[in-house]
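Worksheet for the structure shown next.
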């Protein structure tokens with residue numbers, strides 16, 4: 001799995017020019033068909049996504065090139081899920097969040113349960129990214145709860161990425177998808193300390 005920009009034309013251009021590297025061995029990725037298409041619910045409407053696949057010319061591994069607006073195995077965009085996580089950090093419950101987002105309560109409860117099991121690890125990973133990307137990082141201070149601390153770290157990374165690369169405002173949950181390799185809510189992410 002490799003996160004890429006939203007524009008499929010730009011992804012094709014980078015893929016054709018050999019400017020995408022294998023996350024496993026850093027070899028050059030080449031086109032290798034498409035992954036299964038699926039419908040994803042956004043903030044305003046649903047969209048049909050057909051992610052590109054690529055194969056490494058070095059190790060021969062195949063990878064799905066997932067746009068940064070998505071998370072692995074989720075039927076909602078990262079922005080929708082992020083809005084739910086942010087609402088939880090302010091104290092909202094899963095039923096209220098589900099009503100606000102127009103999603104089933106069970107779906108929202110699933111997001112919150114998955115994130116709850118990794119709140120501290122997410123805070124640590126995103127704080128480390130802030131420190132590594134900024135020459136003189138201003139790290140987020142305590143925000144009042146473990147959830148709020150984790151969300152503050154995610155927000156800080158988006159700000160640091162925008163400043164570091166002089167690209168202005170970066171959509172927060174696209175930055176979160178990129179940093180997590182689209183695995184923000186996937187099993188096994190982040191890898192516990194001391195394991196590879």
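Just so it is clear, none of the values below were taken in a lab; they were calculated from the coordinates. It should be emphasised that the depicted structure is a prediction, and the values quoted were computed from it without experimental measurement. FYI the Cβ positions are ideal-geometry reconstructions off the backbone, even for glycines, and counts take in every protein chain you see.
Listing for the model above:
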item: Failed criterion for residue 130 (all others in (1) part of a helix (DSSP H, G or I); (2) free of Cβ contacts under 8 Å to residues at least 12 places away in the same chain hold); result: (2)
item: From the options 178, 150, residue that is in contact (Cβ under 8 Å) with a residue 24 or more places away in the chain, crowded, with 16+ Cβ neighbours inside 10 Å, in contact with a strand residue (DSSP E or B) (Cβ under 6 Å, 6 or more places away or on another chain) and not in a loop (DSSP other than H, G, I, E, B); result: 178
item: The stretch 162-174, subset in contact (Cβ under 8 Å) with a residue 60 or more places away in the chain and assigned to a helix (DSSP H, G or I), residue farthest from residue 151 (Cα to Cα); result: 174
item: Sole exception among (1) over 18 Å from residue 75 (Cα atoms); (2) outside any loop (DSSP other than H, G, I, E, B) for residue 18, by number; result: (2)
item: Among the candidates 148, 135, residue that is farther than 24 Å from residue 88 by Cα and over 17 Å from the mean Cα position of the chain (by Cα); result: 135
item: Single residue of the stretch 6-26 satisfying the filter (touching a strand residue (DSSP E or B) at 6+ places or on another chain (Cβ under 6 Å) and surrounded by fewer than 16 Cβ atoms within 10 Å (Cβ to Cβ)) that is farthest from residue 100 (Cα to Cα); result: 18
